[in-house]
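J.: Below you'll find the structure I mean.
The values are calculated or read from the model by the stated rules, or taken from the named source; none is laboratory data. Keep in mind the model is a prediction, meaning the values are calculated, not measured. No Cβ is skipped: glycine too gets one built from the backbone with ideal geometry, and neighbour counts run over all protein chains shown. We work out accessible area using only protein heavy atoms, side chains counted, and drop any ligands, DNA or RNA first. Shrake-Rupley method; radii C 1.70, N 1.55, O 1.52, S 1.80 Å.
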Amino acid sequence: MSGSCYRILAFDPASTQMGVAVLDYDITTQTATVLHAETIKGPSLLKHYKELTPHFAKSFCIQTAYYHLVKEHYLKEWKPDYTVVEGAFYHKLAQTLISLTLVINSIRMAVRDAFNRDIQMVAPMETKKVIANNHIAKKDEIREGILNNPHIKWDPAVANYEFLTEHDYDAIGHGYTFCYLKLPAFLGLPIPDIKKKKK
């Protein structure tokens, strides 16, 4: 996009249910407008990859499906200026961390192949602090923080936004956190002090 507005495609990555959100962020007013939000169910995509499933692990097939969906649908349709993904975080189950990392890499490769650029990552605690002013915030606090944030607006096309899934709200939160916390540095603007952010 041009001027003071930037389009953000944000993901809350997971192999089973992945949140996706598209936001237009006005750097001048520090206002994000949510244009789209949905949850993708990874296993449901496998019906389109029946030729792979007999020969490859289910997890690999889901990663392949995510790659093509991101590259051929989301990136083409929304043409984001930045693609934002929650970074992999420590988990007591090593397999969960590995799976999350592989999903993130699928998105990263899709952005690389489509635009020859990298994704932007935000840490879960960054999103929780920016959205809920609490680095250990629960899912319901993220939802309330987004719904009560005067700088997050909703496009009329996002009907019944109060009933989005937790994955949708997480994706919106990651996108907004990137815009609030990291985008200014890319544009040579002052970086907000996260410690001073009000509820």
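J.: Out of region 92-199, which chymotrypsin sites (Phe, Trp or Tyr not before Pro) are coil in DSSP terms and have no more than 10 other C-beta atoms within 10 Å?
T.: Values: sites: F115, W154, Y161, F163, Y169, Y176, F178, Y180, F186; in loops: none.
Counting only loop positions with at most 10 other Cβ atoms within 10 Å, none of the chymotrypsin sites (Phe, Trp or Tyr not before Pro) in region 92-199 qualifies.
J.: Moving on. Grab the beta carbon distance between L147 and C5, set R0 = 22 Å, and tell me the FRET efficiency rounded to 0.05. Could the numbers behind the result be given before it?
T.: Working: r = 23 Å, r/R0 = 1.02.
So, using R0 = 22 Å, E works out to roughly 0.45.
J.: Mind giving me the FRET efficiency for L46 and H73? R0 is 22 Å, r the Cβ-Cβ distance, nearest 0.05 is fine. Before the final figure, lay out the partial values.
T.: Details: r = 16 Å, r/R0 = 0.74.
Efficiency, rounded to the nearest 0.05: 0.85.
J.: Counting heavy atoms of the protein chains only and a 1.4 Å probe, report the per residue accessible area for region 1-155 as a whole number of Å².
T.: Numbers: 7860 Å² over 155 residues.
Heavy-atom SASA per residue in region 1-155 reads 51 Å².
J.: Can you pull out the GluC sites (Glu not before Pro) in region 22-89 whose DSSP state is coil and whose Cβ has at most 12 other Cβ atoms within 10 Å?
T.: Numbers: sites: E38, E51, E72, E77, E86; in loops: E51.
Counting only loop positions with at most 12 other Cβ atoms within 10 Å, the GluC sites (Glu not before Pro) in region 22-89 are E51.
J.: Next up: How compact is region 114-199 by the rule of thumb for globular proteins, expressed as Cα Rg over 2.2 N^0.38 Å?
T.: Rg over 2.2 N^0.38 Å, computed on Cα atoms: 1.13.
J.: Quick one: check the C-alpha center-to-center distance for region 125-199 versus region 44-71, whole angstrom.
T.: Centre-to-centre distance over Cα atoms comes out at 31 Å.
J.: Roughly to the nearest percent, how much of the accessible area of the chain is carbon and sulfur, given a 1.4 Å probe? Intermediate results must be reported in sequence, preceding the final value.
T.: Working: 5780 of 10370 Å².
Carbon plus sulfur share of accessible area: 56 percent.
J.: On a 0 to 90 degree scale, rounded to 10, what angle separates helix 58-69 from the longest Cα axis of the chain?
T.: 60
J.: What do you get for the angle between helix 94-115 and the principal long axis of the chain? Use alpha-carbon atoms, 0 to 90 degrees, nearest ten.
T.: 80
J.: Give the dimensionless ratio obtained when the Cα radius of gyration of region 6-147 is divided by 2.2 N^0.38 Å.
T.: 1.08
J.: I want to verify the translational diffusion coefficient of region 123-165 in µm²/s; compute it with Stokes-Einstein, Rh as the Kirkwood radius over Cα pairs, at 20 °C and 1.002 mPa s.
T.: Numbers: Rh = 11.0 Å.
Roughly 195 µm²/s, to the nearest whole number.
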